[in-house]
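Enquirer: Please see the structure below; I have some questions.
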Amino acid sequence: MSALSPSLPSSAPAAASLNAARRSRELAELADGGAVDVLVVGLGATGAGAALDAASRGLSVAAIDAHDLAFGTSRWSSKLIHGGLRYLASGHLDVAYESAVERGVLMERTAPHLVRAQPFVLPLTPLVGRRQAALVQAGLRAGDLLRVSARTSRATLPAPRTLSAVETRHLAPGLRTSGLRGGLLSWDGQLSDDARLVTAVARTAAAHGAHILTRARALELSGSGARIRDELTGQELRIRARAVINAAGIWAGGLVEGIRMRPSRGTHLVLRSEDLGTLSTGMHIPIPGATNRFVLVLPQGDGRVYVGLTDEPVEGDVPDVPTVPETDIGFLLDVLGSALDLPVHRTDVIGAFAGLRPLLDTAPPADGSGTTGHTADISRKHAVLTSPDGVVTVVGGKLTTYRRMAEDAVDATVAARGLTAGQCRTASIPLVGAAPPRALASLDAPRRLVHRYGTEAPAVHALGAADPALRAPVVPGHPVTGAELVWAVHHEGALDESDLLDRRTRIGLVPADRLAALEAARDAMGRAPVHS
């Protein structure tokens with residue numbers, strides 16, 4: 001099978017299906033005391049990626065999370081697969097190149113159904129001086145050279161170019177015309193949804209034999225396993241393992257001594273598309289007074305637009321779900337107002353979300369206060385650390401490079417524990433639903449479903465065709481149907497309404513929509529999974 005061959009037929013086989021029955025069965029197997037080769041703690045992108053990497057090397061794997069797939073930072077991103085331009089500008093050439101390579105892997109090999117090219121316009125307003133515009137344009141050309149060095153084809157990511165004022169306004173009609181000189185057009189990778197990527201990685205790991213167990217909290221970790229608690233029953237048990245990988249993200253320091261984190265908050269606003277005019281591209285809006293910082297305007301194709309993001313240090317205890325302060329909302333609205341002709345008010349913000357970047361604090365405090373400088377200055381390069389008792393912790397990095405982070409973590413684990421394993425293969429393993437663009441285009445299913453489910457889209461669509469009650473959107477004005485909720489219960493490991501509304505779909509990003517969809521979610525939970 002080539003790297004671009006469809007990974008699965010259009011109906012989901014039991015090997016890749018996650019559901020409550022499978023979870024119960026596999027948890028019982030682990031409770032019987034048999035040891036696995038690798039235990040992974042954390043089922044965000046990196047943890048799910050480590051489970052897939054280890055399982056595809058022939059190792060037996062259990063991967064656990066105290067909550068759900070993509071519960072933490074992995075679901076709060078800008079939904080972008082970045083090519084590393086920001087890191088190139090700051091001189092981190094290794095991080096920039098790694099990002100460009102991993103973007104190409106996702107777009108051309110492992111997840112072309114989930115990641116596609118997204119155009120962005122940077123408007124040349126009076127707030128963008130000619131020198132700054134020249135620097136940005138040089139950066140975009142350098143970013144295109146990164147694409148070449150990463151061997152990503154021009155067909156996948158078109159070339160950047162300059163735009164006239166007329167072209168800029170055509171692509172982004174909401175921009176203020178006064179003083180608009182034109183724009184800069186660039187391209188990057190856009191995810192249909194970050195939580196869906198994590199779900200696809202976890203299901204692909206399951207198809208390779210990994211035990212994927214949500215609602216299983218690690219209480220104690222050691223190099224030989226973990227004491228865990230089933231959060232559904234309260235039962236405690238011991239999972240024995242020959243090696244342990246701590247991929248708990250911002251919570252990693254609570255499981256292994258000596259890991260010191262410096263979380264950084266990234267906030268996004270959720271707006272209705274009509275509030276910003278008809279956008280056919282995303283936008284980079286320069287932050288007034290900053291040289292190389294921008295606010296992103298990100299159309300989602302579901303009637304919503306995300307606007308973000310901030311980079312603010314967070315002190316104190318790490319919450320399960322970060323709150324969004326009004327200062328972040330005001331800042332993002334102010335930057336929007338610097339470029340748009342259409343006024344966007346606080347009452348237009350229908351939702352907001354914040355994620356905490358799991359940054360590793362490696363520098364000693366400069367003043368003995370226990371804090372370092374701005375989190376924007378902390379490297380986004382990931383780190384793999386091994387504790388004295390052999391637990392391998394992977395922290396830092398970003399969503400785009402999750403696969404490489406997982407590879408490095410498994411490499412370190414295999415070496416530290418002397419495991420017999422093959423080489424990493426994940427750069428050529430298609431995720432569940434993946435297929436070449438031509439094959440995806442020929443599927444008999446709505447394009448929106450193809451962009452979210454790939455080759456499984458016809459099966460999801462067929463659920464609605466077979467049952468009219470599942471055919472309609474569950475919330476007026478939002479495209480998610482009842483069939484998608486049922487699919488998530490049968491095949492994607494959703495165990496409750498929150499899993500459905502807040503992660504398998506993103507209905508929950510708008511509180512009013514979440515409330516309206518609760519009844520449909522409860523109905524979906526009552527439909528028994530097809531596979532056990």
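The values are calculated or read from the model by the stated rules, or taken from the named source; none is laboratory data. Note that this is a predicted model, so its numbers are computed, not measured. For neighbour counting, all protein chains shown are included, and Cβ atoms are generated from backbone atoms with ideal geometry for every residue, glycine included.
Enquirer: If I ask for residues that are outside any helix (DSSP H, G or I) and charged (D, E, K, R), which ones from region 50-99 would you list?
Expert: Looking only at region 50-99, we keep the residues that are outside any helix (DSSP H, G or I), and these are 57-72, 76-84, 90-92.
Hits for region 50-99 are ARG57, ASP65, ASP68, LYS79.
Enquirer: Evaluate the following for THR413: is it within 16 Å of ALA252 (Cβ to Cβ) and free of Cβ contacts under 8 Å to residues at least 40 places away in the same chain?
Expert: In short, no.
Enquirer: Turning to a different aspect of this structure: Hey, THR204 hits all of (1) farther than 19 Å from ALA409 by Cα; (2) within 23 Å of the chain's Cα centre (by Cα); (3) of a type in the set (S, T, N, Q) but one; which does it fall short on?
Expert: That leaves (1) as the condition not met.
Enquirer: Kindly indicate whether LEU171 is under 30 Å from ALA96 (Cα atoms), modelled with pLDDT of 95 or more and not assigned by TED's automatic domain parsing to the domain that holds VAL450. Write out each step before concluding.
Expert: Working: under 30 Å from ALA96 (Cα atoms): yes; modelled with pLDDT of 95 or more: no; not assigned by TED's automatic domain parsing to the domain that holds VAL450: yes.
So LEU171 fails the test.
Enquirer: I want to confirm something. Restricting to region 288-313 and keeping residues that are of a type in the set (A, V, I, L, M) and at pLDDT below 90, which single residue is farthest from the chain's Cα centre (by Cα)?
Expert: The first filter runs over region 288-313 and keeps only residues of a type in the set (A, V, I, L, M), leaving 290, 295-298, 305, 307, 309.
Right, trim to at pLDDT below 90 and you get 290, 309.
Values: ALA290: 27, LEU309: 15 Å.
Per the stated criteria, the residue is ALA290.
Enquirer: Moving on. Taking SER186 as the residue in question, decide whether it is within 26 Å of THR400 (Cβ to Cβ), among the small types (Gly, Ala, Ser), surrounded by fewer than 12 Cβ atoms within 10 Å (Cβ to Cβ) and within 30 Å of the chain's Cα centre (by Cα). Let's see the steps before the verdict.
Expert: Numbers: within 26 Å of THR400 (Cβ to Cβ): yes; among the small types (Gly, Ala, Ser): yes; surrounded by fewer than 12 Cβ atoms within 10 Å (Cβ to Cβ): no; within 30 Å of the chain's Cα centre (by Cα): yes.
Considered against the rule, which asks whether it is within 26 Å of THR400 (Cβ to Cβ), among the small types (Gly, Ala, Ser), surrounded by fewer than 12 Cβ atoms within 10 Å (Cβ to Cβ) and within 30 Å of the chain's Cα centre (by Cα), SER186 comes out as no.
Enquirer: Next up: Which one of the conditions (1) of a type outside the set (Gly, Ala, Ser); (2) surrounded by 13 or more Cβ atoms within 10 Å (Cβ to Cβ); (3) part of a helix (DSSP H, G or I) does VAL166 fail to meet, given that it meets all the rest?
Expert: Answer for VAL166: the failing condition is (2).
Enquirer: If you scan region 314-354, which residues turn out to be over 22 Å from the mean Cα position of the chain (by Cα) and of a type in the set (S, T, N, Q)?
Expert: THR327, SER338, THR347
Enquirer: Can you tell me which residue is surrounded by the most Cβ atoms within 10 Å (Cβ to Cβ) among those in region 496-525 that are more than 17 Å from ASP68 (Cβ to Cβ) and of a type in the set (Asp, Glu)?
Expert: Filtering first and then ranking leaves ASP513.
Enquirer: OK, next. One residue is enough: does region 250-266 have a residue meeting the conditions at pLDDT 95 or above and among the β-branched types (Val, Ile, Thr)?
Expert: Taking every residue of region 250-266 in turn, none turns out to be at pLDDT 95 or above and among the β-branched types (Val, Ile, Thr).
Enquirer: From the list ALA459, ALA483, ALA488, exactly one residue is under 22 Å from ARG22 (Cβ atoms) and under 20 Å from the mean Cα position of the chain (by Cα). Which is it?
Expert: Working: ALA459 fails: under 20 Å from the mean Cα position of the chain (by Cα); ALA483 fails: under 20 Å from the mean Cα position of the chain (by Cα).
Among ALA459, ALA483, ALA488, only ALA488 is under 22 Å from ARG22 (Cβ atoms) and under 20 Å from the mean Cα position of the chain (by Cα).
Enquirer: Still on this structure: Would you point out which residue out of LEU269, LEU279, LEU296 is outside the structural domain of HIS67 (by TED's automatic domain parsing), surrounded by 22 or more Cβ atoms within 10 Å (Cβ to Cβ) and under 19 Å from ASP193 (Cβ atoms)?
Expert: On the way: LEU279 fails: surrounded by 22 or more Cβ atoms within 10 Å (Cβ to Cβ); LEU296 fails: surrounded by 22 or more Cβ atoms within 10 Å (Cβ to Cβ).
On inspection, the qualifying residue turns out to be LEU269.
Enquirer: Across region 100-119, what is the number of residues that are among the hydrophobic types (A, V, I, L, M, F, W, C) and not in a helix (DSSP H, G or I)? First the steps, then the outcome.
Expert: Filtering region 100-119 for residues among the hydrophobic types (A, V, I, L, M, F, W, C) gives 100-101, 105-107, 111, 114-115, 117.
Pick out the ones that are also not in a helix (DSSP H, G or I) and you get 111, 114-115, 117.
Adding up the residues that qualify gives 4.
Enquirer: Among the residues of region 491-532, how many are within 21 Å of the chain's Cα centre (by Cα), assigned to a loop (DSSP other than H, G, I, E, B) and of a type in the set (Lys, Arg)?
Expert: Count: 1.
Enquirer: Could you list all residues from region 89-121 that are among the hydroxyl-bearing types (Ser, Thr, Tyr) and closer than 23 Å to ALA435 by Cβ?
Expert: As a first pass, look at region 89-121 and keep what is among the hydroxyl-bearing types (Ser, Thr, Tyr): 90, 97, 99, 110.
THR110 - this is the single residue of region 89-121 that is among the hydroxyl-bearing types (Ser, Thr, Tyr) and closer than 23 Å to ALA435 by Cβ.
Condition check ((1) in a strand (DSSP E or B); (2) touching a strand residue (DSSP E or B) at 6+ places or on another chain (Cβ under 8 Å); (3) aliphatic (A, V, I, L, M)) across all residues:
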residue	(1), (2), (3)
THR199	no, yes, no
ALA206	no, yes, yes
THR233	no, no, no
LEU237	yes, yes, yes
GLU257	no, no, no
